[in-house]
Each structure stands twice: as C-alpha cells, then as structure tokens.
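A short worksheet on the structure shown next.
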Amino acid sequence: MRASSLDERLLRFMRTTGHTPAAERAVARFSRLGEHGGLWIAIGGCGWAVDPARRSRWARALGCVVGAYVLNTTIKLVCRRRRPRLEGLPPLAPTPTKLSFPSAHSATAFAGALAYSRLGLPAKPLYGLASATAVSRLYLGLHYPSDVVAGAALGTAVSAALGGRRWRAAVVPGAAAPGGGVPGAAAPGGGIPGAAAPGTELEPDPGQGSVA
C-alpha cells in the first residue's frame with residue numbers, strides 16, 4: 001500500500017514547520033506516552049480505581065481502547081505499508097515496528113476520547129489530547145496523514161460499536177424516565193407506578209373473559 005503524493009506533501013510540511021531541537025524533544029516525549037495506547041489505558045485505569053460504583057463501565061471503556069489497538073495491529077499486518085522515508089528528513093523518534101497504516105496512537109486516542117467522554121469526562125480536553133497525539137506522529141515524521149486519519153476513524157468506530165446506544169444511555173446518571181419523570185419514582189398522586197389513575201375503567205384483556 002503506497003502513499004499518495006498529497007500524503008507526502010502534507011507530511012513534508014509537518015516535518016519542516018515549527019521545528020526546533022527543544023520542540024522536537026518535547027513532542028517526542030509527549031508522543032511516547034501514547035505508545036501501545038499506554039496513556040489512554042492509564043486514564044481508564046484511574047477511572048476504574050476512583051469510581052468503584054461504575055467499574056464495569058470503566059472496564060468496558062478500557063476494552064474499547066484495547067480493542068482498537070488489537071484491530072489496528074491486525075490491519076497493519078494485512079496492509080503492510082512501510083513508514084515514511086523522506087529524503088533528508090529522517091524520523092525523529094524510534095518505533096516498535098516498521099509498519100505505518102493505520103496509526104495505533106491515533107486509533108487508541110480517539111477510541112479513548114469517545115469512550116471516556118461517554119462516562120462523563122470533559123469531551124473537549126479528551127479530543128484535544130487525542131488530536132495532539134495524532135498530530136505529533138506527523139510532526140515526528142512517523143506516519144503519513146492518511147495513517148492518522150484512518151486510525152482516528154478506526155478508533156471512533158470501535159468505541160462506538162463496543163459502547164453502543166444502550167451503554168451510552170446507561171452511563172448518564174439521573175437520566176429522566178419517559179415523560180420527564182424520575183425512574184422508579186411514584187406516580188402522580190402517590191400511586192404505584194404503572195397503576196391506573198382513580199376513576200379509570202380497565203378494559204378486560206381479550207381472551208381472559210369477564211370476571212364474575
């Protein structure tokens with residue numbers, strides 16, 4: 001799988017813009033935090049530790065990050081795109097493999113951002129951190145832009161699929177019941193939820209016959 005000329009032009013721009021020795025060292029250290037999804041696994045682990053009432057949900061969110069990493073690795077082995085090699089611009093950090101597509105940093109970052117925002121963590125900082133992680137891979141010359149975009153899409157898709165609509169609804173504390181009520185609250189007038197209001201006639205259930 002070969003990169004397009006647009007991929008190479010965008011990468012060259014990122015690899016030559018805003019570079020100083022100090023900035024390169026700082027970005028390399030930051031990017032290293034996302035190796036194998038480590039930063040995002042750590043965030044989920046902290047949530048699991050400090051929120052015992054929702055540990056099963058934090059475990060599921062962690063599973064989104066791990067699932068994104070595993071699927072990303074599988075796709076890399078199938079596609080086998082080599083990492084960028086720009087003439088005169090060597091990569092600025094080591095990598096565990098020579099395979100490039102998709103970016104595991106990007107996949108785990110966006111999987112974590114979606115999963116943890118569903119659990120109540122602020123979405124903007126999470127997605128800002130995920131975006132910075134993705135951009136760092138371009139700045140260091142370790143991935144083509146299409147690697148990073150594909151990784152972000154993959155991570156988001158995995159997190160959405162493993163989370164699902166039911167899980168998202170379940171993690172919203174104090175969610176209102178249909179009609180605006182509180183789940184499990186008494187019916188208006190102090191009655192039992194689901195009971196008929198006073199003066200309401202109940203129609204017999206077809207097939208049960210009338211009561212003598």
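The values are calculated or read from the model by the stated rules, or taken from the named source; none is laboratory data. A quick note: this is a predicted structure, and the numbers were derived from the prediction, not measured. Glycine gets a Cβ as well: all are built from the backbone with ideal geometry, and neighbour counts include every protein chain shown.
Is one or more of the residues making up the stretch 94-105 in a helix (DSSP H, G or I), within 30 Å of ALA53 (Cα to Cα) and modelled with pLDDT of 95 or more?
Scanning the stretch 94-105, I find at least one residue that is in a helix (DSSP H, G or I), within 30 Å of ALA53 (Cα to Cα) and modelled with pLDDT of 95 or more, so the answer is yes.
For the stretch 91-110, a residue qualifies if it is among the polar types (S, T, N, Q) and either surrounded by 23 or more Cβ atoms within 10 Å (Cβ to Cβ) or under 12 Å from ALA150 (Cβ atoms) (or both), and the qualifying residues are SER100, SER103, SER106, THR108. For the stretch 42-85, name all the residues that are surrounded by 12 or more Cβ atoms within 10 Å (Cβ to Cβ), small (Gly, Ala, Ser) and more than 30 Å from SER4 (Cα to Cα). Selection gives ALA42, GLY44, GLY45, GLY47, ALA59, ALA61, GLY63. Counting the residues of the stretch 106-139 that are in a loop (DSSP other than H, G, I, E, B) and more than 14 Å from SER159 (Cβ to Cβ) gives 2.
Just one of the numbered conditions (1) surrounded by fewer than 16 Cβ atoms within 10 Å (Cβ to Cβ); (2) not in a loop (DSSP other than H, G, I, E, B) is not true of GLY18; which one? All conditions are met except number (2).
Here ALA115 meets each of (1) under 12 Å from the mean Cα position of the chain (by Cα); (2) among the aliphatic types (A, V, I, L, M); (3) within 25 Å of ARG25 (Cβ to Cβ) with one exception, condition (3).
Only one of the numbered conditions (1) more than 20 Å from ALA160 (Cβ to Cβ); (2) modelled with pLDDT of 95 or more is not met by ARG83, and that is (2). Remark: pairs (first residue in the stretch 122-139, without any contact (Cβ under 8 Å) to a residue 60 or more places away in the chain and crowded, with 20+ Cβ neighbours inside 10 Å; second residue in a loop (DSSP other than H, G, I, E, B) and not β-branched (Val, Ile, Thr); Cβ separation under 8 Å; 6+ apart in sequence or on different chains) = ALA134/SER103.
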